[in-house]
Amino acid sequence: MSTAALNNLLEYLYGTLTPSNMRWVAQHLAARADQVEAPLKPYTVDELNARIDKAEEEFAAGLGVSHEESMRRMRENLAKKKQETTEEA
């Protein structure tokens with residue numbers, strides 16, 4: 001369905017549904033979407049072992065990032081997102 005058609009449908013629903021009806025429809029649509037989406041396929045033991053082997057090779061080659069560096073980057077990203085959120089408000 002096109003974006004325009006979806007927008008028209010939303011506008012129609014906004015004008016005809018009560019807030020409780022909107023919540024009911026939203027809950028049922030979300031539940032249906034969860035049922036329709038393909039479930040995640042778990043990794044096999046071989047796939048997990050291959051990922052571990054690759055990570056160990058990268059670490060041995062000096063391509064890894066230390067825990068401290070990773071945490072520093074995460075704190076910077078969180079602070080940046082918080083700043084962006086504050087500026088938008």
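Anything in segment 46-89 that is of a type in the set (Val, Ile, Thr) and not in a helix (DSSP H, G or I)? List them, or say none.
Matches in segment 46-89: Val65 only.
Could you figure out which of (1) of a type outside the set (Phe, Trp, Tyr); (2) more than 19 Å from the chain's Cα centre (by Cα); (3) open to solvent by less than 100 Å² (accessible area, probe 1.4 Å) isn't true of Glu11?
(3)
Could you tell me whether any residue of segment 70-85 is open to solvent by 90 Å² or more (accessible area, probe 1.4 Å), at pLDDT below 95 and among the polar types (S, T, N, Q)?
Looking through segment 70-85, at least one residue is open to solvent by 90 Å² or more (accessible area, probe 1.4 Å), at pLDDT below 95 and among the polar types (S, T, N, Q).
Under 9 Å by Cβ, and 6 or more places apart or on different chains, what pairs join a residue from segment 29-53 that is open to solvent by 100 Å² or more (accessible area, probe 1.4 Å) with one that is in a loop (DSSP other than H, G, I, E, B)?
Filtered contacts from segment 29-53: Arg51/Tyr43.
The values are calculated or read from the model by the stated rules, or taken from the named source; none is laboratory data. All figures in this text were calculated on a predicted structure; none of them were measured in a lab. Using ideal geometry, Cβ is built from the backbone for each residue, glycine included, and neighbour counts are taken over all protein chains shown. Ligands, DNA and RNA are excluded from the accessible area calculation, which covers all protein heavy atoms including side chains. Shrake-Rupley method; radii C 1.70, N 1.55, O 1.52, S 1.80 Å.
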